[in-house]
Amino acid sequence: MHSLAIIAVTTTLIYSALSAVHSDSNASDNSLNESPTNNVTKGSISYFDSNVSTNVTALLGRTAYLNCRVKNFSNRTVSWLRHRDVHLLTVGHYTYTNDQRFKAIHSVHTGDWTLMIKYPQHTDSGVYECQVSTSPHMSAYFYLYVVEAISEILGGPELYVDVGSTINLTCVVRHSPEPPAYIIWNHEGTIITYSSKRGGVSVKTEREDVSRSVLLIRNAHSSDSGLYTCNPSNARPSNITVHVLNGEHLEAMQFSGKISTYPPLTLTALIVLSTVYFMYC
């Protein structure tokens, strides 16, 4: 019996020792299997800079730039994809498309990876993905909108004014991501200068989201008649034809416009119907 008691105590001690070793081993294994990401501080995890605009408007034919900025870059690989046809465009510095208009630009020692698109067309509009080779990978999505800036002279295509009055022309530039550097006015193909002997010519230009330029020509003469063109630096030109008439001619045209309410064919039909009515009624 004494021997059995000794064996039982010994067995208990051995079991306790083995349990302690097994517990330490599990603790050690858990610490090794823990993801390194969980141990790093938040400041060292890669993420996208939310201050960078993901909606980009570009002018038709002018180079467009989509800037993807990755904080805590850590030498990862950045790829650009086009969603329209699920096409891989660039990986790192390498271009993976036959369309040589696309190129990735990286600023050294920064997390800026910019997709450059030369001569963008309307068909280039759409969603582009900036993908970073984290595990799992992370993505930022950019929308490119390719527009064609247009100009319009309000009140066109023709304007009739009285001799001695003021010619007031307003040119508006729309769909431009940035204001035009300049807006030039032409009369019959010649640039209008404000220091000419004629005098009375002034221009006021406002460069905003919708830019406009107002041309004023005081004391209009018949020689001021003709084609006027608004030429913005970043949009197609627009035209208007100005007719400077004396009071009698202007009133005659206005009166003529009032009685020409019906098209000629409609007016003829009304006359025929009236004649038939009086003949048979």
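Readers should treat all values here as calculations from the given coordinates under stated rules, not as data from a laboratory. Predicted, not measured: the structure shown is a model, and the values here were computed from it. Note that we place each Cβ from the backbone using ideal geometry, even for glycine, and neighbour counts take in every protein chain shown.
Ordered by the number of other Cβ atoms lying within 10 Å of each residue's own Cβ, fewest first, Val86, Val161 fall into the sequence Val86, Val161. Hydrodynamic radius of region 65-112 by the Kirkwood approach over all distinct alpha-carbon pairs: 11.5 Å.
For region 179-223, trypsin sites (Lys or Arg not before Pro) meeting the loop criterion (DSSP other than H, G, I, E, B) and having at most 10 other Cβ atoms within 10 Å: Lys197. Counting neighbouring Cβ atoms within 10 Å and putting the fewest first, the residues Ile240, Ile192 line up as Ile192, Ile240. Based on alpha carbons, the Rg and Dmax found for region 150-246 are 13.0, 43 Å.
Fewest neighbouring Cβ atoms within 10 Å first, the residues Ser213, Ser135, Ser74 line up as Ser135, Ser74, Ser213.
With only the Cα atoms considered, region 45-147 has a convex hull volume of 91 Å³ per residue.
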